[in-house]
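Down below is the structure, laid out as C-alpha cells.
The values are calculated or read from the model by the stated rules, or taken from the named source; none is laboratory data. Everything quoted here is computed from the prediction, not taken from an experiment. Heads up, the Cβs are rebuilt from the backbone with ideal geometry, glycines too, and the neighbour counts pull from every protein chain shown. Heads up: the accessible areas ignore ligands, DNA and RNA and are worked out on the full protein's heavy atoms, side chains in. Shrake-Rupley method; radii C 1.70, N 1.55, O 1.52, S 1.80 Å.
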Amino acid sequence: MSTTLITRRTALLGAGAIAAPFVVTTSFGQTGPIRLAGLVSLTGSGSPFGPNSRLAHQAVVDEVNAAGGLLGRRIEYLAEDDQTNAEAGIRAARKLIDVDKVAAIMSVWASAVGTAVLPLCWDNKVMMLAISAADSIAALPHQGYFVRTQPHTELQGKEFGRFALALGAKNLYLMMPQTPFTETVFKSIRETVEPKGVKVASVIFDGKKTSFRSEVDEMMRANPDLLMMGGYQAENIVMAKDLFRANFKGKIMGFAFGITPAFIEAAGKEAAEGMYGVAEPSPAGGSAAYGRLKALVKRDTLDTYICQAYDHANLAILAMAKGKEGSGTAIKDNIRKIANNDSAMKVDNAIDGLKPIAEGKEIKYAGASGPCKFSDIGNIIEVAFRTTQVKDGKLVEMKI
C-alpha cells in the first residue's frame with residue numbers, strides 16, 4: 001500500500017463491530033489507570049503466537065502493579081484479537097484508541113495489520129511497539145510513534161541468501177504468498193546469492209488456495225536443488241503435503257514462523273523431515289531476562305515472539321517512567337533513552353529499572369529477545385539469527 005493512501009480517513013473506513021477485550025485490573029485508589037494494549041493475533045495465521053504475547057504482557061503488568069504501579073497509578077492491560085487481518089485490526093485498534101484511550105499498542109505481528117493500524121497510532125499519539133517486519137512500515141511518516149523488535153524483511157532476506165550459500169545451493173526457487181514484504185525478501189535474496197553464481201527463479205502464489213499442486217509442478221520443472229517455501233504456517237502445511245506427493249528431493253527452507261511444531265504435526269513427520277526454519281531472531285536464551293520470563297509464564301522454552309512481547313511491555317513502562325507521564329508521547333520521546341544508552345546501568349525488567357529512573361539515574365534496557373536498540377525510523381539495530389531443522393519430527397537448532 002502506498003504511503004499516500006494510508007491516512008486516518010482510510011483507516012476509519014474499517015470501523016465496525018467491536019469484540020470484548022481481555023482485561024485485568026487491580027484496585028489502587030488513584031486517579032485513572034495507565035492503559036497498555038496488546039493487538040495480538042489470537043486467530044488467523046498468527047494464532048500460534050498471539051496468546052503467548054498476551055500472556056507476556058499481562059505478566060509484566062501484574063508484576064509492576066504488585067510492586068506499586070507506575071507513576072503512582074496502576075496499569076490496566078487490555079488485549080484485542082486482530083485476527084491476523086488488516087480490517088479486523090483496524091476495528092480493534094479504533095476501539096483501543098478511541099474508547100479505551102491506551103498509551104501503546106504492543107506486539108502487532110502481521111505486517112498487513114501493522115501497515116493498516118500504524119496511521120491510527122501516529123494520528124492519535126499512541127505508540128506502536130511491533131513485531132511486523134515489512135520494510136515499508138518503518139518508511140511511513142509515523143513521526144516516531146513506532147519501533148519494532150523483529151528484524152525487518154531486508155535483513156531476513158539476506159539471512160535466507162546467506163543460508164542458501166551455506167547449503168551450497170546452485171539453483172534456488174522462491175515461492176511466497178503475496179504479502180507486504182514478499183518483493184523485499186525476493187530482492188534481498190537475489191542480491192545476496194546471484195553475485196555468487198546462484199540461479200534464482202520465483203513465483204508469488206495465492207495463499208488462500210486449498211492446493212498448490214500447479215505451483216509445485218511448475219517448480220519441479222525448474223529442478224531446483226533448494227526451495228524456499230515462504231508461506232505462513234497454514235499455507236506451508238498444504239504445500240508440504242503437495243511437495244511430498246510430488247516426491248520433491250531437493251532441500252526446503254522457510255520462515256521459522258511457518259515451520260513450527262504445529263506445522264510438523266499437521267503436515268506429517270515424513271513431509272516435514274529435513275526442512276529448515278530460517279531467519280528467526282534468536283532470543284537471549286542464556287540471559288537473566290529469559291530466565292525471568294520463563295518463571296513468570298511457567299514455560300520451559302520460549303519462542304522469539306513471547307520474548308519480544310515481554311520486552312515491549314517493559315520498554316513501554318520504563319519509557320513512561322523516564323518521561324514522567326503515562327502517554328504514547330512519553331514512550332516515543334524516551335524509548336531510545338532507556339534502550340540505546342550502552343554506557344548506562346544495565347537492567348532487564350521494569351521492576352529493576354523503575355527505582356534508578358526515579359533516582360534520576362540513566363538505564364540501558366536489554367531483554368529476553370536480546371539487545372533492544374532502535375534506529376531513527378524504528379528498526380531494531382542488533383539482531384542474532386538462528387536456524388532450526390526438522391529431525392525425526394522435532395525442531396533442532398543448527399549451527400551454520
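Rounded to the nearest 20 debye, what is the charge dipole size of the range 125-183 about its Cα centre when +1 sits on each Lys and Arg Cβ and -1 on each Asp and Glu Cβ? Working shown, then result.
Details: 5 positive and 4 negative charges, 21 e Å.
Rounded to the nearest 20 debye, it is 100 debye.
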28 Å Cα cut-off, lysine pairs counted over the range 35-187 (separation 8 or more, or different chains): 5
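Only Lys, Arg, Asp and Glu count, each charged at its Cβ (+1, +1, -1, -1), so figure out the dipole size of the chain about its Cα centre, rounded to 20 debye.
Values: 46 positive and 41 negative charges, 59 e Å.
Dipole size: approximately 280 debye.
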Could you check what % of the DSSP bridge pairs in the chain are antiparallel, to the nearest 5? 30
Among 248, 186, 257, whose mean-square fluctuation peaks in a Gaussian network model of the chain (Cα, cutoff 10 Å)? 248
Once Lys and Arg get +1 and Asp and Glu get -1 on their Cβ, which of 258, 318, 306 lies farthest toward the positive end of the dipole of the range 196-353? 318
With the dipole of the chain defined by +1 on each Lys or Arg Cβ and -1 on each Asp or Glu Cβ, the option from 46, 145, 64 whose Cα lies farthest towards the positive pole is 64
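Just to check, using Stokes-Einstein with a Kirkwood Rh over alpha carbon pairs, what's the diffusion coefficient of the chain at 37 °C and 0.692 mPa s in µm²/s?
Values: Rh = 21.5 Å.
D = 153 µm²/s.
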Quick check on the range 171-252: of the DSSP beta bridges with both residues there, what percent are antiparallel, nearest 5%? 0
Tally Lys/Arg at +1 and Asp/Glu at -1 over every other residue whose Cβ is under 11 Å from the Cβ of residue 357; what's the total? +2
Of the peptides 264-270, 392-398, how do they stack up when ordered by the mean number of other Cβ atoms within 10 Å, highest first? 264-270, 392-398
Compute the FRET efficiency between residue 342 and residue 208 as 1/(1 + (r/R0)^6), taking r as their Cβ-Cβ distance and R0 = 51 Å, and round to the nearest 0.05. 0.65
With a 10 Å radius around each residue's Cβ, average the other Cβ atoms per peptide and rank 111-123, 213-225, 61-73, 344-356, highest first. 111-123, 344-356, 61-73, 213-225
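With every protein chain left in place, what is the accessible area per residue of the chain in square angstrom, probe 1.4 Å? Walk me through the intermediate numbers first.
Numbers: 16000 Å² over 400 residues.
Accessible surface, normalised per residue, equals 40 Å².
Dipole of the range 224-274, Cα-centred, from +1 at each Lys and Arg C-beta and -1 at each Asp and Glu C-beta, to the nearest 20 debye? Don't skip to the end; give the middle numbers.
Numbers: 5 positive and 6 negative charges, 18 e Å.
Its charge dipole is roughly 80 debye.
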